[in-house]
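Enquirer: Here it is: the structure, laid out below.
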Amino acid sequence: MLWLALHFPMMGLEERLDTLDGDVAEPAVLLEDNRVVLANEQARDAEISLGSTLATANSILPELKHFNRDPAAEHERLGMLATIAYRYTPKVSPAPPDALLLEVRGSLRLFGGMNALVDELADLCRRLGHELNRAVATTPLAALMLARAGSGGASMGQTVAPHSRPGREAVASLKGVPLTHSDLPAKDLERLANMGITRIDELLRLPLRELGKRFGPTLIDYLARLTGQKADPRAFIKPPERFHSSIHLLEPVRGKDALLFPMRRLAAELARWLARRRFGTRLLIWTVKSLRGPAVTLSVEFAQPRRDDQSFLALSKLKLDSADMPEEAMSISLRADFIAPFRTAFADLWGSTAGGGATHAELVDLLAAKIGGEAVRGLRTVDDHRPELAWSTKHAGRWGVGASAKASGRLAAVLGPFRPMWLLDPPQPIDAECYELVSGPERIETGWWERDRCAAAQEFATRTLPEERDRCAIARDYYVGYSERGARCWLYREQLEQKNERWFLHGYFS
Amino acid sequence: MLESPPIEDATAVRAMDRLRQVPNLWRASELPALRFGGIKSDGIASGFAALDDVLFDRGWPRAGLVELLLNDPGIGELSLLAPALASLSTREARLIAWIAPPFVPFAPALDAAGIDVSKMLLVYPDNHADALWTFEQVLKTGACSALLGWLAEHKLKFAEIRRLQFAARQGRTWASLFRPATAVGNASPAELRLRLGSRRGGLRLDVVKRRSGWPLSDIELDFDEGVTRSAVDRSCSG
């Protein structure tokens, strides 16, 4: 086990400063119980000391910015940092209030060694606006203590041999670290200080049995975990199952083009989140809120899981173009549902799939985003004798177009009845005089097993659509005939109970 | 400005002879002979020998726009395309798109004609602009081997057809655009233009425009020879 501790000494203040926009290079302090607990560099330069009251600090620097500590926000921020660190190792454990512990032995080779890994992490934290102290040790508590002491930077990596026994290494690296950086309770620290013990190595030299008698088992337990004599299991974070992120705009955004900028940021964030977890998503839900009026929701659906921000954005833009948006948007959020394992689409070796063309799913997504998912449909045959029920179309995205290759066609051509390629839906009433019948009749009388249900339904006529009644039970004589214009048609005569008959055109053989 | 001297006939003939010596130049009239003499045709066999014979690629173009001009729907336009659609849908993984078809393509009949119904993609755009966009995207992305499209004729412009022809080339898609026969007089950048006329048991075709050839008229196709034969027999006996 090799533990990397990341300590964010100024996190409480940095988190508060992030809520402001503009220049952060002003002196600022964080207050708890009206006393300064954190001061940034500018404030420290002005000789504002920790523990002073706000009145004192303000008298030194009237333009001083001050914030009250918000433990909930700090906790949330630490969770966010933990999620970011998750890309470097799956074993990330937060050490509240302001540190993270990363078990990095398994990641060293991938990231090119400890120094490269730590540099990358430090660079990332700097870009996020966080000051960082880090230290490496063989036990989590030792790493944490070294990081808090801010002394881990120089000796890091070199002193820790990869396969050394934890205990001795941990003790050696802790030499000279003040006890104030440990997790011991203040009461114990004070008693130890009264005994003249202020550094950890001094404490470790004392006989354990006597220490236990005076300070109780908690201290002994802490020291054992610190030196690696006792296992110190940590709870690792589990990244959230769902992605949800939002951007609150500082001033209202007008127009759809302006919305694309926050959308791009969210899409990129989602893409990184998915890539880290090796997942793709099938549904994006954008919510745009304005000051007045209800929130507008856009959902973008994919036929196959995706995870690249370019296609997220391209398809969302198409959807956005045709949507009604509030005049002024105040915030925009992105949620990803249907997270599914992502499989990279692969072309075959010779690229024979359509000459580098898009996949079915890509085309379906593209069309659905622009003209709506309901307007892009797949087609299927259904085993039913009634022509109206022998086919169905469905939302191509959810159905999967081109998925099944059922090769029943040839058999049907030989055995099946002759059917027209064009079907009129619904059938069109015609005047039979205008058609020359050439063959028929073919009786299609079916659905009688549903007649009872239909009769029952007819009593509640308001609940049944006329066409649904028609579809239930039919008794028709079909003929093939030619229209005056020379088209070969599929006609039928409907048998009605009142002896009068009606003719319908139901299809063209074409 | 330099005025070119009048070219005498003899000079012109000699110039022509000289040009004909150039090995990679040939006359347009020699093209079909050259093609049949060894260069493999690239077309999609239409299933009708009489039609294949007059088409440049010995079949429907694999990449390009074809206009089918007809006034009355149902006179046989789908039977004309069916053999080619059947072979494309079973041999290629790509889809076949129908954009704003006037009626429902009846799945059991397509199935009976050997067309893989699961590869059909039906798209119903709301308006002309969306239809054009869809048309172009389907062609450009190259995700479809064939496209059957119906557009609002009174809104269709020459430049739009040219874009579609270009997109069809780009995505290597055989695009069929169905237009009323009244459009026959309008110039069109399509690869191939056919006028369809009704005929008992088949279809009468006029080739309005084709590559490397003059227009032709009155080509008669018999569907009974084609894919629907067994089905027709069946219907007569039943």
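Enquirer: Between A:ASP119 and A:GLU41, what is 0.36 nm times their sequence separation minus the Cα-Cα distance? Round to one decimal in nm.
Expert: Computed gain between A:ASP119 and A:GLU41 is 25.8 nm.
Enquirer: What area, in nm² and to one decimal, does the C-alpha convex hull of region B:68-113 cast on average over all directions?
Expert: One quarter of the hull surface, i.e. the mean projection, equals 3.6 nm².
Enquirer: Moving on. On a 22 Å Cα-Cα criterion, which of the cross-link pairs A:LYS319/B:LYS140; A:LYS256/A:LYS394; A:LYS394/B:LYS157; B:LYS140/B:LYS209; A:LYS289/A:LYS317 come out too long?
Expert: A:LYS256/A:LYS394; A:LYS394/B:LYS157; B:LYS140/B:LYS209
Enquirer: While we're on this one: Calculate the FRET efficiency for A:THR180 and A:GLU26 from the Cβ-Cβ distance with a Förster distance of 45 Å, rounded to the nearest 0.05.
Expert: That gives a FRET efficiency of 0.95.
Enquirer: Note down the net charge around A:LEU184, summing +1 for each Lys or Arg and -1 for each Asp or Glu among other residues with Cβ under 14 Å from its Cβ.
Expert: Numbers: positive: A:ARG148, A:LYS187, A:ARG191, A:ARG199, A:ARG214, A:ARG225; negative: A:ASP183, A:ASP188, A:GLU190, A:GLU202, A:ASP221.
Taking every other residue near A:LEU184 into account, the sum is +1.
Enquirer: Return the lysines within reach of A:LYS213: Cα separation strictly under 26 angstrom, same-chain partners fewer than 8 residues apart disregarded; answer none if there are no such residues.
Expert: A:LYS175, A:LYS187, A:LYS230
Enquirer: Also, I was wondering about something else. For A:ALA475 and A:VAL382, what is the calculated FRET efficiency with R₀ set at 22 Å and r taken between the beta-carbons, to the nearest 0.05? It would help to have the intermediate numbers written out before the result.
Expert: Details: r = 20 Å, r/R0 = 0.93.
The computed FRET efficiency comes out at 0.60.
Enquirer: Starting at the first residue of region B:80-87, write each ³J(HN,Hα) from the Karplus equation 6.51 cos²θ - 1.76 cosθ + 1.60 with θ = phi - 60°, in whole Hz, x for Gly and Pro.
Expert: 5, 8, 3, x, 5, 5, 4, 6
Enquirer: Another question, if that's okay. Quick one: length gained pulling A:ILE285 to A:GLU328 fully straight, 0.36 nm per residue minus the C-alpha distance?
Expert: Length gained, A:ILE285 through A:GLU328: 13.6 nm.
Enquirer: Please report the spacing between the Cα centers of region B:136-153 and region B:158-224 in Å, no decimals.
Expert: Their Cα centres are 15 Å away from one another.
Enquirer: Among all the aspartates and glutamates, which ones have a C-alpha under 16 Å from A:LYS370's C-alpha, if same-chain residues fewer than 8 places away are not counted?
Expert: Output for A:LYS370: A:GLU301, A:ASP321, A:ASP324, A:GLU362, B:ASP126, B:ASP130, B:GLU136.
Enquirer: I would also like to ask the following. Quick one: Cα centre-to-centre distance for region A:106-126 and region B:41-107, in angstrom?
Expert: Each part's Cα centre sits 59 Å from the other's.
Enquirer: In nanometres, what is the gap between the two model label sites at B:ASN71 and A:LYS213, each 7 Å from Cα along Cα-to-Cβ?
Expert: Calculated label separation equals 11.8 nm.
Enquirer: While we're on this one: Once both labels are modelled 7 Å past Cα along the beta-carbon direction, what's the B:ALA12-A:ALA172 spacing in nm?
Expert: 10.1
Enquirer: Further question on the same structure: Go ahead and run the numbers for FRET between A:SER59 and B:ASP126, Cβ-Cβ distance against an R0 of 60 Å, rounding to 0.05.
Expert: Numbers: r = 69 Å, r/R0 = 1.16.
Between A:SER59 and B:ASP126 the formula returns 0.30.
Enquirer: Here is a further query. Calculate one ³J(HN,Hα) per residue across region A:136-150 by plugging θ = phi - 60° into the Karplus curve 6.51 cos²θ - 1.76 cosθ + 1.60, and present them in order as whole Hz with x for glycine and proline.
Expert: Those phi angles translate into 10, 7, 8, 10, x, 5, 5, 4, 4, 5, 5, 5, 5, 6, x Hz.
Enquirer: Something else: Leaving out ligands, DNA and RNA, calculate the buried accessible area for the pair B and A with a 1.4 Å probe, summed over both sides, in Å² to the nearest 100. Intermediate values should be presented prior to the final figure.
Expert: Working: alone 13590 and 29810 Å², together 38540 Å².
In total, this chain pair buries about 4900 Å².
The values are calculated or read from the model by the stated rules, or taken from the named source; none is laboratory data. Note that the structure is predicted; figures quoted are calculated from it, not measured. Note: ideal-geometry Cβ built from the backbone for every residue, glycine included; neighbour counts use all protein chains shown. The accessibility values were calculated without ligands, DNA or RNA, using every heavy atom of the protein model including side chains. Shrake-Rupley method; radii C 1.70, N 1.55, O 1.52, S 1.80 Å.
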